[in-house]
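Read through the structure below, which is laid out as structure tokens, and then see the notes.
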Amino acid sequence: MSKPFYALDDPNVRGVVLGNEAIARGIFEAGIAVAAGYPGTPSSEILETLAEIHHYYPTFQIEWSTNEAVGFQVALGASMCNARAFACMKHVGLNVAADSFMTATYAGAHGGFVVLSADDPNCYSSQNEQDNRHYGLFSLCPVLEASNLQEAKDIVKYAFEFSENFQSLVMMRTTTRLNHARGDITLGEIQSFKNRTFQFDNDRARWTFLPSNARIQRIKQLERFELLRQHSNQFPYTKLEIKDGAKIGLISSGIPHAYAMDALRALNYENKVSILKLGMVFPQPEELMRELFENSEKIIIVEELEPFQENFAKKLAFELGIPIEIEGKKYFPRNGELDLNKVVEGLSKFLDVPNPYVNLHVDTSKLNKASPRPPVLCAGCPHRSIFYALKLIEQKMGKKFVYSSDIGCYTLGFYKPIETIDTCICMGASIGMANGIAKLHNGPVLALIGDSTFFHTGIPGLINAVYNQNDVFVIILDNSITAMTGFQPHPGTGIKITGEPGIKIPLESIVRGAGIAEDHLWIVDSHDLEQTTRVLEEAIPLKGPRVMIARHPCSLFERRTQKDKKIIPATINEDKCNNCLLCIKNFGCPAFTLINGKVAIVEKDCTGCGVCLSICPFGAIEQKS
């Protein structure tokens, strides 16, 4: 089998890649020894691409860690051994790793250490939009950002050298639009460190954060930061271009910089605006900014989410005594991601010139529009049958349960027709929140959590429930994969990121080890509706901490990995069907549809799971003969 383009050992060759593949290539070219992290959109493909490269060049070690904190700690430990190390996560994953991250920035790096934070403006697959540039400010960690795919590869490669030169951790900030873009890059040289010795740096005072050591490391951190501030003016991927006669200055970075350049061309202003493009977004290049201020009458800052650069620029201008108008969020939104239309609109207002796109507006009010469709669980999803069984028990008991959910496919149970999700905050919080709700709420309190998420941060919440004897019923929805982020393995699968066998960690062993009594632990097949409802009827009225593991493989993953499996789809017996629509209104499998006002099943969408055969009160759903 031929190597993928990003795995070629052939510098100067050009090819098309995904943004995350470009980043992975840059990391590989840097000569890393260890890469670790936890899957999370939009970052997941970075480690997956590195794992594919590993098949051809097993010169480094790579793993999916149980969560982002562990992934960061793995990379930190490798850096302590003089290795180039990489930790990868989405923006909210850095919250999980923050305890280690904030202290590790005191000590800095020994071998080059880069942590990538993939931010998600517009919450495409996240619970918030947080702007992780603030983590750089908070921790005094330099933050780098690229505005195209070639830069993404080159900057992340350079970041390891930069990290070693300054003995500093480095954060690489990306956004969804960069991670998931496609474009062409030119490959570079693959660096090799064959003569480098990987031994733990036995500097006990540097790595052991007793208060006496931390105070000393804090001083060193501040000294290191001063060097970083000075160097930011010479950072090779930061560029200042002063245009003759220009009265306007523009500051931008990342994908917004690309939009800003296109917008200036659309407005015929590309030669009338001086440009400061930031490759290092923190610490900022104060001398270059001063030069821009002194050569401009007004400054506009184009950035996504928070006014990070805008606030700094206003502060710097005040401290320098330069009376200059600086604007940003007055013209660009603080929520959602930017696009070319938004940037053209904002710049046209700031420059007080006509927006050339206004007359191109198309009135869509008279166009036929598709009905809005909320995201739904896949056909044959094992989570749907659990939700359906829970609704049946609710009706039978005449009580409304509280459902404390977690992050995963099952969070889609919030939408119609399922509507069984009441809370969802972050990874692992379902059991923790259920502990608190159960102390006060008069009624059944259930915590819903996936298998990968349980390994990630669910275990402490379960231990807390056992220790404090809180009345929490935990349902672990075990579909045997990390489904929502792209079918990554986890400790419960026994498969490592490289595809090699690892050690399979049974969920039930952990649950028992956490102190759940045998008569308060049940394991069911999610697709066995009769067994599931029977167990729920037994378990829900009980008191104290208890766990049900609802186990069945993800239907989509089964289809991809078991292509030879014969599927016997369900069909509607029209003689028995009275069109009550219970299958659509209550069960909601997307394989069901209406054709000429009558219930039908889209055969190509049906997975043949058979669950729907037991939900019809008239026996009108049958397996196709």
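The values are calculated or read from the model by the stated rules, or taken from the named source; none is laboratory data. Everything numeric here is computed off the predicted structure, so don't read it as measured data. Backbone-built Cβ (ideal geometry, glycine too); neighbour counts: all protein chains shown.
Considering region 1-111, there are no qualifying strands (runs of 3 or more DSSP E) wholly inside with 2 or more residues that are free of Cβ contacts under 8 Å to residues at least 40 places away in the same chain and of a type in the set (S, T, N, Q).
For the condition more than 22 Å from LEU392 (Cβ to Cβ) and touching a helix residue (DSSP H, G or I) at 6+ places or on another chain (Cβ under 6 Å), LEU462 qualifies.
When the strands (runs of 3 or more DSSP E) confined to region 253-348 are screened for residues that are more than 30 Å from LYS157 (Cα to Cα), those reaching at least 2 such residues are found at 298-302, 325-327.
The set of residues in region 411-433 being closer than 16 Å to LEU536 by Cβ and either acidic (Asp, Glu) or not in a loop (DSSP other than H, G, I, E, B) (or both) consists of GLY413 alone. Every listed requirement among (1) assigned to a loop (DSSP other than H, G, I, E, B); (2) in the same structural domain as PRO506 (by TED's automatic domain parsing) is met by GLN531 save one, (1). What pairs can you find where one residue is in region 597-623 and touching a residue at least 12 places away in the same chain (Cβ under 8 Å) and at positive phi, the other is surrounded by 15 or more Cβ atoms within 10 Å (Cβ to Cβ) and part of a strand (DSSP E or B), and their Cβ atoms are less than 8 Å apart, with a gap of 6+ or different chains? Close Cβ pairs (under 8 Å, with a partner that is surrounded by 15 or more Cβ atoms within 10 Å (Cβ to Cβ) and part of a strand (DSSP E or B)) amount to GLY608/ALA570; GLY610/ALA570. Can you pull out every residue in region 500-513 that is touching a residue at least 40 places away in the same chain (Cβ under 8 Å) and surrounded by fewer than 19 Cβ atoms within 10 Å (Cβ to Cβ)? Scanning region 500-513 gives ILE505, GLU508. Scanning region 18-36 for residues being surrounded by fewer than 24 Cβ atoms within 10 Å (Cβ to Cβ) and either over 12 Å from GLU189 (Cβ atoms) or charged (D, E, K, R) (or both) gives a total of 4. Of the helices (runs of 4 or more DSSP H) lying entirely inside region 126-208, those containing at least 2 residues that are touching a residue at least 24 places away in the same chain (Cβ under 8 Å) and either in contact with a strand residue (DSSP E or B) (Cβ under 6 Å, 6 or more places away or on another chain) or surrounded by fewer than 17 Cβ atoms within 10 Å (Cβ to Cβ) (or both) are 133-139, 149-166. Going through (1) modelled with pLDDT of 90 or more; (2) buried (at least 16 other Cβ atoms within 10 Å of the Cβ); (3) over 23 Å from ILE510 (Cα atoms) one by one, VAL472 falls short only on (3). Screening region 469-516 for residues that are of a type in the set (A, V, I, L, M, F, W, C) and touching a Gly at 6+ places or on another chain (Cβ under 7 Å) and picking the one that is nearest to MET548 (Cα to Cα) gives LEU477.
Filter region 209-252 for residues that are assigned to a strand (DSSP E or B) and hydrophobic (A, V, I, L, M, F, W, C); which is farthest from ALA263 (Cα to Cα)? Result: LEU240. Taking the listed residues CYS88, CYS123, the one that is of a type in the set (A, V, I, L, M, F, W, C), out of contact with any Lys or Arg (no Cβ under 6 Å at 6 or more places or on another chain), crowded, with 21+ Cβ neighbours inside 10 Å and assigned by TED's automatic domain parsing to the domain that holds ILE190 is CYS88, with no other qualifying. Return a yes/no flag: does region 297-319 have any residue that is touching a Leu at 6+ places or on another chain (Cβ under 9 Å), under 22 Å from GLN234 (Cα atoms), among the basic types (Lys, Arg) and at pLDDT 95 or above. So far as region 297-319 goes, no, none of its residues is touching a Leu at 6+ places or on another chain (Cβ under 9 Å), under 22 Å from GLN234 (Cα atoms), among the basic types (Lys, Arg) and at pLDDT 95 or above.
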